[in-house]
Amino acid sequence: MTPLISTESTAEGHASSAPARKTSRLSGVRMILTIAGKDLRSELRSKDTINASLSFAVVILLLFSFAFDMSPQQVHEMGGGLLWLVFMFAGALILNRSFSRELPNDCLDALLSSPATGAQLWAGKAIANYVLVLAVEAACLPVFSVFYNVSLLAQVPKLAVVMLLGTWALTIIGTVFSAMTVNLRLRELMLPTLLYPMLIPALLAAIQCTGAILNPDSTADNTIWYRLLVAYDVIFTLLASALVEVLLVG
Amino acid sequence: MRQKLILLFALIATALLAWDLYRIAYEMPDSVIGVPFYKIMYFHVPSGILSLSGFGLAMFASIMYLWKKELRYDSLAVAITEVSLVFATVLLVTGSIWARVAWNTWWNWEPRLTSMLICWILYAGYLMLRRAIDEPHQRARLSGVLSIFAFVDVIIVWYSIQWWQQNLHPRPVLEVRGGQGMKGMEGPMWFNLLALALIAIIVVLLRLRQENTKREIESLRRYAHAL
């Protein structure tokens with residue numbers, strides 16, 4: 001079994017020569033992947049969050065189909081918004097557990113006192129969340145296709161690009177806010193309250209792009225929305241990696 | 001000293017506002033370029049400028065706290081954010097009234113309006129987050145980081161009219177080199193901006209004093225508990 005904390009990382013901080021710096025960078029990447037692997041393994045063994053998230057997503061898709069009796073044309077127009085609302089609500093369940101799962105047995109304190117920096121811890125958890133949320137989204141697509149009678153096969157490559165970009169926005173912000181709210185008494189309430197408004201620009205962009213992909217009649221130029229999505233991902237990844245250390249350690 | 005400063009600012013702001021309100025009511029024409037009811041803009045535009053620049057200042061105060069770890073910067077950040085949020089509310093309400101008259105609807109999902117509403121919700125979330133944390137340094141740290149994140153939306157609000165170019169919300173009406181529309185009407189608006197800025201400074205100073213007192217009481221209470 002891979003040790004949780006690589007012993008090579010102790011070289012960090014003392015690295016002055018080029019080979020030592022390279023080793024330090026490598027151990028940083030390894031640290032991130034170790035944390036991501038730990039989170040994914042723990043989730044795949046218990047399957048608590050992913051099961052809850054997936055069944056919640058299916059329930060919302062079902063409820064929407066009851067609430068709005070949509071014609072095929074309406075599905076094409078509204079499908080983007082509907083899908084992203086489902087992804088966001090289901091994703092929040094996974095994100096909520098990201099840091100709070102470390103609270104029992106003081107695991108968060110143990111992780112923070114390990115040689116992993118706050119940014120590495122955040123990146124590892126963000127990658128694990130990214131994989132889990134993408135898995136839930138991928139499972140939702142066939143359900144959406146069946147319930148709403150939409151063929152998605154031809155659009156999968158384009159949809160995948162939007163999903164990869166939009167989900168990264170959801171997970172980076174969600175993971176930071178999960179770290180921000182982990183010690184609050186109103187954790188379950190505060191995360192969605194802060195997360196959803198912050199996500200609106202990315203969510204709007206993802207909805208517009210997905211809507212255009214689902215709607216065969218769409219002639220809208222969505223370049224600005226793709227640019228917004230990419231800019232949002234880059235800006236918030238940089239901001240989050242710079243600030244998460246302050247959030248977790250002080 | 002601070003008391004005298006507050007009093008001086010209050011006197012200047014009252015005089016400026018009274019004089020400016022007289023000019024807006026009696027000296028300015030009732031309609032500009034065929035649009036009646038434009039006088040609400042004398043409050044809408046300064047509120048917008050003050051709220052957005054206030055959020056920027058609050059972010060700087062938060063960065064100062066995260067750098068220096070001194071709670072007085074956190075007090076400054078929360079005081080400025082609260083006042084800016086009030087101006088943001090004034091901005092949204094006056095904008096909505098204007099929309100009803102000019103666009104025949106209370107609300108329109110136009111980029112600037114939407115991004116400003118998101119901004120309002122984000123900073124309301126900032127205040128809610130603060131209420132959920134008891135420990136002062138933890139509160140200052142978490143809300144400081146949130147303030148930096150939220151400021152990204154302020155930038156989106158600022159550039160929304162350039163990026164999306166939907167042109168329902170006009171481009172800046174108040175610019176140093178002369179904005180769009182309202183030719184010759186900017187004078188009272190600049191004075192209103194000054195008067196409202198003075199009022200904002202007064203409220204921030206009062207709120208700062210209140211925060212400092214609150215912190216002193218909290219530390220005395222902790223001391224009493226320890227005894």
Positive-end extreme of charge dipole, the protein assembly as shown - chosen from B:Y223, A:L83, B:I148 (charges on Cβ):
B:Y223
Taking the square root of 5λ for each eigenvalue of the C-alpha gyration tensor of region B:1-148, the equivalent ellipsoid has semi-axes, largest first and in whole angstrom, of 34, 22, 10
Between helix B:136-163 and chain B, what is the angle of the helix's C-alpha long axis to the longest principal axis, kept within 0 to 90° and rounded to the nearest 10?
20 degrees
Could you size up the charge dipole of the protein assembly as shown around its Cα centre, putting +1 on the beta carbon of Lys and Arg and -1 on that of Asp and Glu, and report it in debye to the nearest 20?
1040 debye
Sites A:E77 and B:N212 - FRET efficiency at Förster radius 51 Å, r taken between beta-carbons, to 0.05:
0.40
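Report, in deg cm²/dmol and to the nearest 500, the calculated mean residue ellipticity at 222 nm for chain B, where each DSSP H run with n ≥ 4 adds -39500 (n - 2.57) and the sum is divided by the residue count. Please list the in-between numbers first.
Working: 6 runs with 171 residues, N = 227.
Calculated mean residue ellipticity at 222 nm is -27000 deg cm²/dmol.
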Charge tally in the Cβ shell below 13 Å around B:E216, where Lys, Arg are +1 and Asp, Glu are -1, B:E216 excluded
+4
Filtered pair list for region A:18-248 (Lys only, Cα < 25 Å, 8 or more apart or interchain) has a length of 5
Over its Cα atoms, what ratio of radius of gyration to 2.2 N^0.38 Å does region B:55-102 give?
1.56
Along the dipole axis of region A:18-248 (charges at Cβ: +1 for Lys and Arg, -1 for Asp and Glu; origin at the Cα centre), the most positive-end residue among A:V162, A:T117, A:V136 is A:T117
Give me a single rounded figure for B:141-154: the average over its residues of other chain Cβ atoms within 10 Å of their Cβ.
5
Ignoring everything except DSSP H segments at least 4 long, calculate the 222 nm mean residue ellipticity for chain A; use -39,500 (n - 2.57) per segment, divide by total residues, nearest 500.
-27500 deg cm²/dmol
Report the paramagnetic label zone for B:K68: residues of region B:144-158 whose backbone N is under 20 Å from a point 7 Å from Cα along the Cα-to-Cβ axis.
B:144-148
Computed over all unlike Cα pairs, the Kirkwood hydrodynamic radius of region A:121-250 in Å stands at 15.9 Å
Percent breakdown of C-alpha pair distances by 5 Å bin, ordered from the shortest bin, for region A:60-163:
2, 10, 19, 18, 14, 10, 8, 7, 6, 4, 1, 0
Where labels lie 7 Å past Cα in the beta-carbon direction, separation of B:L5 and A:T219 in nm
6.1 nm
Take the Cα of A:A160, step 7 Å along the line toward its Cβ, and report every residue of region A:118-149 whose backbone nitrogen sits under 16 Å from that point.
A:131, A:134-142
State, to one decimal in nm², a quarter of the convex hull surface area for the C-alpha atoms of region B:79-127, i.e. the direction-averaged projected area.
3.2 nm²
If Rh is defined by the Kirkwood formula over all Cα pairs and Rg also comes from Cα, what ratio Rg/Rh do you get for chain A?
1.02
Give a residue-ordered list of calculated ³J(HN,Hα) values for region B:220-227 (Karplus: 6.51 cos²θ - 1.76 cosθ + 1.60, θ = phi - 60°; whole Hz; x for Gly, Pro).
5, 5, 4, 5, 5, 4, 5, 5
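What order do you get for A:56-68, A:158-170, B:120-132 when each peptide is scored by the mean count of other beta carbon atoms within 10 Å, highest first?
On the way: A:56-68: 14.8, A:158-170: 20.5, B:120-132: 18.8.
The packing order, highest mean first, is A:158-170, B:120-132, A:56-68.
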Largest-first principal axis extents of the Cα set of the protein assembly as shown (Å)
80, 70, 47
Hey, what's the per residue convex hull volume over the C-alpha atoms of region B:38-226, in cubic angstrom?
119 Å³
Expressed in nm to one decimal, what extension gain is obtained for the pair A:E245 and A:S145 from 0.36 nm per residue of sequence separation less their Cα-Cα distance?
31.8 nm
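Taken together, the values in this text are just the output of simple stated rules run on the coordinates, not laboratory data. Keep in mind the model is a prediction, meaning the values are calculated, not measured. All Cβ positions, even for glycine, are placed from backbone atoms using ideal geometry, and neighbour counts span all protein chains on display.
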